[in-house]
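Q: If you scroll down you'll find the structure; I have some questions about it.
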There are 2 protein chains.
Amino acid sequence: VRSRADVRPNLQDLLRAKTPTDFVRDVKPIIERVLEGLLGQLPAFPYAKQIPIIAKYAVFAGGGGKRVRPALALLTARCLNTPLGEVVDAAAALELVHSYTLIIDDIQDGDETRRNEPTAHVKFGTELSLLAAGVLLLEGTTRLQELLKVSPATIREVLYKLHAGQEADIESSTWEASERTDEAINFMFAGKTGALFELACLSGIGTTRVDERTIGNLLTLGREMGVLFQAVDDYLEQAGNDIQTGKPVGKSRAGKVTFMSLFQDKCAAKIEIARRREALEAKIDETLVGEGAEFFKEFLGALVDRTR
Amino acid sequence: VRSRADVRPNLQDLLRAKTPTDFVRDVKPIIERVLEGLLGQLPAFPYAKQIPIIAKYAVFAGGGGKRVRPALALLTARCLNTPLGEVVDAAAALELVHSYTLIIDDIQDGDETRRNEPTAHVKFGTELSLLAAGVLLLEGTTRLQELLKVSPATIREVLYKLHAGQEADIESSTWEASERTDEAINFMFAGKTGALFELACLSGIGTTRVDERTIGNLLTLGREMGVLFQAVDDYLEQAGNDIQTGKPVGKSRAGKVTFMSLFQDKCAAKIEIARRREALEAKIDETLVGEGAEFFKEFLGALVDRTR
């Protein structure tokens, strides 16, 4: 409650942002203030001081990233005319769960840097980083369950898909060529990236009245946007520039299936990304109307056209 | 809902169990049927089949243990005249969270066996075991949050203490002699073991009306019972019998502080355990009345006098 009050004045500015780029830029400091509030509430006991420090590190290291998931939550709210104050805490909770996945991913992949800084387990050790990861999952999921106006089972199912997508990602290194299908990759992306994008769109509803069909459409938008976001991520990593992405090209993904595994060359991949973007734009027009739809499509465009 | 209906007939038998030993013995198959139901609901996707298999393995390997936490939840319900059907799902959820901690503990300690069988990460690999652990935490905590009649913040705080206790446990290997105090060990035990015992007692309330003072007392009973349970665990591990405890003596705890670190010899430890038991019995008499109090004290006695 305190954290909401603190950020409420700034939330009005978000309604003034003219472009999705401005919007994402304006969301970042707001959501980071809420995250600081949430993480600041974790007690640092005399005999256990490291967990909150590691959790904060995982959330903020290397500048903390773009905060795409919270931005999508608040963007959805803007498009649905949901008061942003109803959404900002859930938006931050998404980032806690996302940070949990980053710690675990880096341990699984043995990655030593992320956003040009040491990963949590390199800096603090695997043992304590696992505890901080558990706390981030715990804090994030219980807050989402508390704040979102959907059944606990729905949240559980979506977050289960997040883990299932990560399993597919890990196992993809053992997939035969014949198993590296569109369907398999879509499943993997819809889980590992799409799940939190789905919850982001769901968060944007707040307590606004929307019909079941719109809820279903928003989930689809979130999932497909996550899939496309991941495809572009893979494309950029392959196009690969150490300095721009902040991690060694291809290291963490050695042997695993990526979006690029589906194509002979970068050009074919780029055409497929454009095709998916168009399909998603049509879906947006089905779901949202007027200025909201335009803004959402521009946001999608910014995600697809990004260079890092 | 289905799982509850399935086990309801057997729940009556629990009310007939004459001794706590009978009670714990009778709880085990009931809770395991509920756990099978919960875990059976985890979808095995074509591209991600391992997570539910590993989760089940972690919950059931080596006979699945005594199910002390669910037993304590149902025992508390019995003592408060709470219908057991209101408590059985939360009791099972506690075991899911407990199983999460076992996977993580074994990864942290590099333990290769538990209950005489390979640990999850040895059998299935660390990468996938981490995902199964995450799913167990997710399933357990969201169900507890859904089922327990306390605020989400309370559950979050108690489960945070669980992690804080585990941090203290890990860091205790670096504690100076002067830091190995009663207070430090109590903090560690109250977290790593007491937290789930607290939630067990809280689960036992169900929708029964109890005053705030009784809730506070139940939390204290749970926590202190957990501390004592852990003290006896450490005592037994030191007394050490590979065959009885199912893991190599002392390996996993090398260098860490245990209950035994507080004492010169086993005899002094045994006296302290007896002293704590007496103090806890007095607390039980303050909290519960009549047959309930006697049964609870007998349960405590069974935990303390166990040989494995």
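The values are calculated or read from the model by the stated rules, or taken from the named source; none is laboratory data. None of the values given here were measured: they were computed from a predicted structure. Counting neighbours? That spans all protein chains shown, and the Cβs are built from the backbone with ideal geometry, glycine included. Accessible surface is based on the protein model in full, side chains and every heavy atom, while ligands, DNA and RNA are left aside. Shrake-Rupley method; radii C 1.70, N 1.55, O 1.52, S 1.80 Å.
Q: Using a Cα-Cα cut-off of under 18 Å, which lysines could be cross-linked to A:Lys283, ignoring same-chain neighbours fewer than 8 residues away?
A: Candidates past the 8-residue exclusion: A:Lys297.
Q: Need the C-alpha centroid separation for region B:162-184 versus region A:49-69, integer Å.
A: 25 Å
Q: Need one word for chain B: rounded, prolate or oblate. Basis is the Cα gyration tensor (sqrt eigenvalues a ≥ b ≥ c); a/c below 1.5 gives rounded, then a/b vs b/c decides.
A: Oblate, because a/c is 1.5 or more while a/b does not exceed b/c.
Q: List the distances, in nm and shortest first, from the label point of A:Arg180 to the matching label points in every other copy, placing each point 7 Å from Cα along the Cα-to-Cβ direction.
A: 5.5
Q: Could you calculate the contour length gain from A:Glu298 to A:Arg33, that is, 0.36 nm times the residue separation minus the distance between their Cα atoms, to one decimal place in nm?
A: 92.8 nm
Q: Moving on to the next point. Quick one: accessible area per residue over chain A, 1.4 Å probe, rounded to a whole number of Å²?
A: 40 Å²
Q: Here is a further query. Compute the distance in nm between two label points, each set 7 Å from the Cα along the Cα-to-Cβ direction, one at B:Gln41 and one at B:Thr126.
A: That separation, rounded to one decimal, is 3.3 nm.
Q: Follow-up. Please sort A:120-127, A:10-17 by packing, taking for each peptide the average over its residues of neighbouring beta carbons within 10 angstrom, highest first.
A: Put in order of decreasing packing, that is A:120-127, A:10-17.
Q: Can you pull the mean other chain C-beta count within 10 Å for peptide B:171-178?
A: Average neighbour count from other chains, rounded to a whole number: 1.
Q: Another question, then. Roughly how crowded by other chains is peptide B:181-194, in terms of the mean Cβ count from those chains within 10 Å of each of its Cβ atoms?
A: Per residue, the number of nearby Cβ atoms from other chains is 1 on average.
Q: Ignoring ligands, DNA and RNA and using a 1.4 Å probe, state the total buried accessible area between B and A in Å², rounded to the nearest 100.
A: The buried area between B and A, both sides summed, comes to about 4200 Å².
Q: Another one. Across the residues of B:119-132, average count of Cβ atoms on other protein chains within 10 Å?
A: The shielding value for this peptide is 3.
Q: How far apart, in nm, are two points set 7 Å out from the Cα along the Cα-to-Cβ line at A:Thr174 and at A:Lys66?
A: About 3.4 nm, to one decimal.
Q: Over chain B, with a Gaussian network built from C-alpha contacts below 10 Å, which listed residue (B:Phe60, B:Phe259, B:Phe23) shows the highest mean-square fluctuation?
A: B:Phe60
Q: Here is a further query. Label points 7 Å out from Cα along the Cβ direction at A:Ala274 and B:Ala274: separation in nm?
A: Rounded to a tenth, the inter-label distance reads 8.5 nm.
Q: Rounded to the nearest 0.05, what FRET efficiency is calculated for B:Asp305 and B:Arg115 with R0 set to 25 Å and r the Cβ-Cβ distance?
A: 0.75
Q: Given a 1.4 Å probe and the protein chains all in place, what does the accessible area of B:Asp106 round to, in Å² to the nearest 10?
A: 10 Å²
Q: Separate question: Once whole DSSP H runs in chain B are found, which of them have Cα atoms spread over 30 Å or more along the helix axis and a mean Kyte-Doolittle score of at least -0.5?
A: For chain B, where a helix must reach 30 Å along its axis and average at least -0.5, the hits are B:88-109, B:126-147, B:212-239.
Q: Rounded to a whole number, what % of the accessible area of region B:5-82 do carbon and sulfur atoms account for, probe 1.4 Å?
A: 54 percent
Q: Right, here's the next one. Based on the alpha carbon coordinates of the protein assembly as shown, what radius of gyration and maximum Cα-Cα distance (Dmax) apply, in Å?
A: Calculated on Cα positions, Rg and Dmax stand at 25.2, 79 Å.
Q: Can you send over the carbon and sulfur percentage of the accessible area for region B:157-209, probe radius 1.4 Å, protein chains only?
A: The nonpolar share, carbon plus sulfur, comes to 46 percent.
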